Amino acid sequence: MAALTFIHQNLLHSTPKLTTSKPNLKPKRTKTKLSIQTIRESPQASFTDQFVLQLADSLEDSLPSSSSSSLPLQKLRDNSSETLLSTQWPSRKDESFRFTDTSFIKNSDINPISHPPNSLDLLEVSRDTQFEIFNFVDGFLVDSSFSSSNLPDGVYVGSLSKLSSEGILKRVCELLGDFEWGDLFWSVNGLGAPDLMVVYVPEGCRVENPIYLKYIAVEGADKGSKKMPLSNPRVFVLVEKGGEVGIVEEFVGKVGSECYWTNSVLEVVVGEGGKVSHSYLQKQSLSAAHIKWTSVRQEKTSTYELVEVSTGGKLSRHNVHVQQLGSDTVTELTTFHLSVGDQTQDLHSRIVLDHPRGYSQQVHKCIVAHSSGQAVFDGNVKVNSYFYFLKCQSLLIAVCKLTKLGRSLGASCDF
C-alpha cells in the first residue's frame with residue numbers, strides 16, 4: 001500500500017484530552033469520521049413508516065393547484081412518492097445518523113407551507129448587494145428584479161414553470177433527480193417542492209457575475225411550540241461543455257428564535273471542461289432545523305468548488321455527494337461550521353472517484369463553543385475500481401476544536 005500514488009494526509013495525529021476542574025462535567029461531543037472505501041454500497045429499503053406516510057400525505061396536500069405540472073417536476077414527484085413508501089424516518093441506529101438526533105423534527109407538528117407570505121417586506125434586506133438576487137420565500141421562488149438582459153445569450157435562470165425552450169426542458173428532464181444515494185430528506189424535498197428553479201449555461205458560455213440565491217424563512221412558530229412550518233426549495237444547475245458559472249446560496253430568517261424547517265436540495269451537473277464555483281452561507285434561527293442536500297455530477301476535465309460557512313440552526317445538516325464521471329476531474333471542498341449554543345452542526349460528504357487522474361481536496365474546520373453544542377463530520381472518499389485507486393489523488397483535512405472560556409476540551413478524528 002505504501003507504493004500507491006494515492007495521497008491521504010491526516011493532520012490530526014492525537015486527540016487532546018478533557019481538562020476541567022468540574023469532574024462531573026459531561027464533555028461536549030465532536031464526532032468526525034473519515035474513510036476511504038472501495039466497496040460500493042446500495043441504498044437500503046425498509047418497511048413502511050406510518051409517520052413518513054402521514055408526512056407524504058401532508059406534502060401532497062400542500063402543493064398549490066397552480067403548481068407546475070411539467071414533465072420533469074411530475075416525474076420527480078412520482079419517484080419521490082414511491083421512494084417514501086419504503087423509507088423509515090432515520091434514527092440513531094442508522095449508521096449515517098449515529099451521531100445526529102433528528103427526533104427534534106419528528107416530535108414536532110410539521111406543517112408544509114402551501115403558499116408564500118402575502119407581505120414580502122422582508123425582501124427589502126436583499127437589496128444591499130451589488131448582485132441582483134433571486135429570492136426564495138418559504139420555499140417559493142418569487143418574482144425578482146433580475147433582468148435576463150444581463151445574461152449571455154442562451155443562459156436561462158428562472159422557474160421551470162416559465163421555461164419555454166424545448167431543448168433545455170428536454171435536458172432537464174433527462175438529468176433531474178437521477179441520483180440513487182438520496183435519503184428520506186432528499187425524497188421529502190422531491191415530493192414537496194412547489195416548483196423548480198433552473199440555472200442553465202450553454203456550451204462554451206461563461207457567466208461573469210454569480211447567480212445569487214437568497215432563501216428567506218418568514219413563517220415560523222414560537223420557540224417551545226410544537227409547530228414547525230416546512231419549506232422545500234429546489235434548484236437544478238446544468239452547465240454544458242466548457243461553460244462556467246458561480247452560484248451563491250444564502251439561507252436566512254427573520255431576526256429572532258422562531259422554529260421552522262428548511263429542507264433544501266441543489267443539483268449540479270457540470271459538463272466536460274466546465275466549472276461551477278459554489279458558495280453556501282447558512283445563518284438561520286437557532287431554533288430552526290436546516291437540512292440540505294448538494295448533489296454534483298462532473299464530466300471529464302470539469303471543476304467543482306464549494307466554500308461553505310454554517311453557523312445557524314438548532315439542527316443543521318449538509319449532505320454533499322460529488323461523483324466524478326470522467327478523467328482529469330477536480331473537486332475542492334472548503335467548509336467551516338460554528339456551534340455557539342445548543343446546536344448540532346453536521347457535515348456528511350461523499351466523493352466518488354471512478355476515473356484516472358481524478359483529484360479531490362477537502363478541508364473542514366469546526367468549532368464548538370458551548371457545553372450543549374455538537375459537531376459531526378463524516379467524510380468519505382470512494383474509489384470503485386482498484387485500477388483507478390492507483391491513479392487518483394485525494395487530500396482530506398479535518399480540524400475540529402472544542403472550546404470553553406478559550407480552553408481546548410478535545411476532538412477526535414478516525415480515518
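The single condition among (1) within 21 Å of S264 (Cα to Cα); (2) in a loop (DSSP other than H, G, I, E, B) that G154 does not satisfy is (1). Restricting attention to region 81-100, the residues being closer than 13 Å to I291 by Cβ and part of a loop (DSSP other than H, G, I, E, B) number 3. In a residue-by-residue description of region 216-226, the property of being in contact with a helix residue (DSSP H, G or I) (Cβ under 8 Å, 6 or more places away or on another chain), more than 18 Å from L71 (Cβ to Cβ) and either surrounded by 18 or more Cβ atoms within 10 Å (Cβ to Cβ) or not basic (K, R) (or both) applies to at least one position.
Checking each residue in region 322-340 for being outside any strand (DSSP E or B) and open to solvent by 10 Å² or more (accessible area, probe 1.4 Å) picks out L325, S327, D328, V340.
Restricting attention to region 57-90, the residues that are at pLDDT 90 or above, open to solvent by less than 50 Å² (accessible area, probe 1.4 Å), farther than 30 Å from I168 by Cβ and in contact with a Ser or Thr (Cβ under 9 Å, 6 or more places away or on another chain) total 3. Have a look at V248, V265, V235 and point out the one that is modelled with pLDDT of 95 or more, within 20 Å of S316 (Cβ to Cβ) and open to solvent by 10 Å² or more (accessible area, probe 1.4 Å). Testing whether each residue is modelled with pLDDT of 95 or more, within 20 Å of S316 (Cβ to Cβ) and open to solvent by 10 Å² or more (accessible area, probe 1.4 Å) leaves just V248. Test each condition in (1) free of Cβ contacts under 8 Å to residues at least 60 places away in the same chain; (2) assigned to a helix (DSSP H, G or I) for G224 and report the one that comes out false. Result: G224 fails condition (2) only. Assess whether L347 counts as being among the aliphatic types (A, V, I, L, M) and surrounded by 24 or more Cβ atoms within 10 Å (Cβ to Cβ). Against the criterion (among the aliphatic types (A, V, I, L, M) and surrounded by 24 or more Cβ atoms within 10 Å (Cβ to Cβ)), L347 qualifies. Select from region 288-317 the residues that are of a type in the set (S, T, Y), open to solvent by less than 10 Å² (accessible area, probe 1.4 Å) and touching a Ser or Thr at 6+ places or on another chain (Cβ under 8 Å) and write down the one among them that is nearest to F185 (Cα to Cα). If we take residues in region 288-317 being of a type in the set (S, T, Y), open to solvent by less than 10 Å² (accessible area, probe 1.4 Å) and touching a Ser or Thr at 6+ places or on another chain (Cβ under 8 Å), then S316 is nearest to F185 (Cα to Cα).
Going by what's in this entry, would V265 be described as in a strand (DSSP E or B) and more than 21 Å from N189 (Cβ to Cβ)? Taking the combined requirement at face value, the residue does not satisfy it.
Within region 135-150, being farther than 21 Å from Y215 by Cβ and either at pLDDT 90 or above or of a type outside the set (G, A, S) (or both) holds for one residue alone: N150.
The values are calculated or read from the model by the stated rules, or taken from the named source; none is laboratory data. Nothing here was measured: the structure is a model prediction, and the numbers come from that model. Reconstructed Cβ throughout: ideal geometry from the backbone, glycine too, with neighbour counts over all protein chains shown. Protein only, heavy atoms only, side chains kept; ligands, DNA and RNA dropped before computing areas. Shrake-Rupley method; radii C 1.70, N 1.55, O 1.52, S 1.80 Å.
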